[in-house]
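Enquirer: Structure incoming, see below.
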Amino acid sequence: MVAPSGLLLTHGAGGDSSHRLLVALEEQLDLPVYRMDFPYRKEGRKAPDRAPKLIAALRDEVAVAAKKMKVDPNRLALGGRSMGGRICSMAIAEGLPASAVVLLSYPLHPVGKPERLRIEHFPDLAVPTLFVNGDRDPFGTPDELAAHTPAIAGPTQVHWLEGQRHDPKPTFDDEIIDVVVGFLASL
């Protein structure tokens, strides 16, 4: 395992880099943090692009983030909320170097469609992986996630937020930050 020298954070499909949790993580972490917006958000569009375009944008942004934070791009931890975290995990599985991945409210499947799992890339995810999800998240239950995380090649940690759905209440921000800080420090 390689200790991360910085953290690049991405947003969920309906959000942007100003999401309160991403801002709070930047303010609380001892590591440099870079929050990015995907191109569709920069262009003022609401609907996300398809995964290949989002992955390409992430790859480009890693270089920008590393240069801005003055860190080795291979030692960045990547992560984000929902779709953004998923895109980070897919990019890493495709070979984008990273020291870890932080998945906040990972969308295991679309709401009401548990047969449409988003796990094809899990066996190729070989970095330390943290999931922080609400235990009432309609995008994936604790049992569903527990059934699929063993497919991940790297070490995996899962933290459940009691009584929370896909967008945990702000009162859980401190708990989420503590979990992320502990995870990154453990590397």
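Enquirer: What's the number of the only condition in (1) under 30 Å from His148 (Cα atoms); (2) part of a helix (DSSP H, G or I); (3) in contact with a Ser or Thr (Cβ under 9 Å, 6 or more places away or on another chain); (4) not small (Gly, Ala, Ser) that Lys53 fails to meet?
Expert: (3)
Enquirer: Ok, one more. How many of the residues in the stretch 4-43 are part of a loop (DSSP other than H, G, I, E, B) and under 17 Å from the mean Cα position of the chain (by Cα)? Even if it seems obvious, please write down each step before you answer.
Expert: So the first thing to find is which residues in the stretch 4-43 are part of a loop (DSSP other than H, G, I, E, B), and the list is 4-5, 11-19, 29-32, 36-38, 43.
Adding the requirement that they be under 17 Å from the mean Cα position of the chain (by Cα) leaves 4-5, 11-19, 29, 31-32, 36-38.
Here the count works out to 17.
Enquirer: If only one of Arg165, Arg116 is basic (Lys, Arg), surrounded by fewer than 18 Cβ atoms within 10 Å (Cβ to Cβ) and in contact with a strand residue (DSSP E or B) (Cβ under 6 Å, 6 or more places away or on another chain), which one is it? Give the derivation first.
Expert: Details: Arg116 fails: in contact with a strand residue (DSSP E or B) (Cβ under 6 Å, 6 or more places away or on another chain).
Of the residues listed, the single one that is basic (Lys, Arg), surrounded by fewer than 18 Cβ atoms within 10 Å (Cβ to Cβ) and in contact with a strand residue (DSSP E or B) (Cβ under 6 Å, 6 or more places away or on another chain) is Arg165.
Enquirer: Between residues in the stretch 65-82 that are buried (at least 16 other Cβ atoms within 10 Å of the Cβ) and residues that are among the aromatic types (Phe, Trp, Tyr), which pairs lie under 6 Å by C-beta distance while being six or more apart or on different chains?
Expert: So the pair list comes out as Ala65/Tyr34; Met69/Tyr34.
Enquirer: Output the residues belonging to the stretch 2-40 that are surrounded by fewer than 16 Cβ atoms within 10 Å (Cβ to Cβ) and of a type in the set (Ser, Thr, Tyr).
Expert: Ser18 - this is the single residue of the stretch 2-40 that is surrounded by fewer than 16 Cβ atoms within 10 Å (Cβ to Cβ) and of a type in the set (Ser, Thr, Tyr).
Enquirer: Now for a different question. Does Leu54 qualify as being crowded, with 19+ Cβ neighbours inside 10 Å, within 15 Å of Ile177 (Cβ to Cβ), in contact (Cβ under 8 Å) with a residue 24 or more places away in the chain and within 17 Å of the chain's Cα centre (by Cα)?
Expert: Numbers: crowded, with 19+ Cβ neighbours inside 10 Å: yes; within 15 Å of Ile177 (Cβ to Cβ): no; in contact (Cβ under 8 Å) with a residue 24 or more places away in the chain: yes; within 17 Å of the chain's Cα centre (by Cα): yes.
No: the conditions fail for Leu54.
Enquirer: Could I ask something else about it? Got at least one residue in the stretch 137-152 being under 13 Å from the mean Cα position of the chain (by Cα), touching a residue at least 12 places away in the same chain (Cβ under 8 Å), surrounded by 15 or more Cβ atoms within 10 Å (Cβ to Cβ) and within 24 Å of Ala57 (Cβ to Cβ)?
Expert: In the first step, residues of the stretch 137-152 are kept if they are under 13 Å from the mean Cα position of the chain (by Cα); the result is none.
Checking the stretch 137-152: not a single residue is under 13 Å from the mean Cα position of the chain (by Cα), touching a residue at least 12 places away in the same chain (Cβ under 8 Å), surrounded by 15 or more Cβ atoms within 10 Å (Cβ to Cβ) and within 24 Å of Ala57 (Cβ to Cβ).
Enquirer: For the stretch 58-110, enumerate the residues that are basic (Lys, Arg) and within 21 Å of Gly154 (Cβ to Cβ). Before you say what the answer is, go through the steps one by one.
Expert: From the stretch 58-110, those basic (Lys, Arg) are 59, 67-68, 70, 75, 81, 86; that's our starting set.
Answer for the stretch 58-110, where residues must be basic (Lys, Arg) and within 21 Å of Gly154 (Cβ to Cβ): Arg59, Arg75, Arg81, Arg86.
Throughout, read-outs are computed from the coordinates displayed, never taken from laboratory work. Note that this is a predicted model, so its numbers are computed, not measured. Ideal geometry is used to build each Cβ from the backbone, glycine not excepted, and the neighbour counts take in all protein chains shown.
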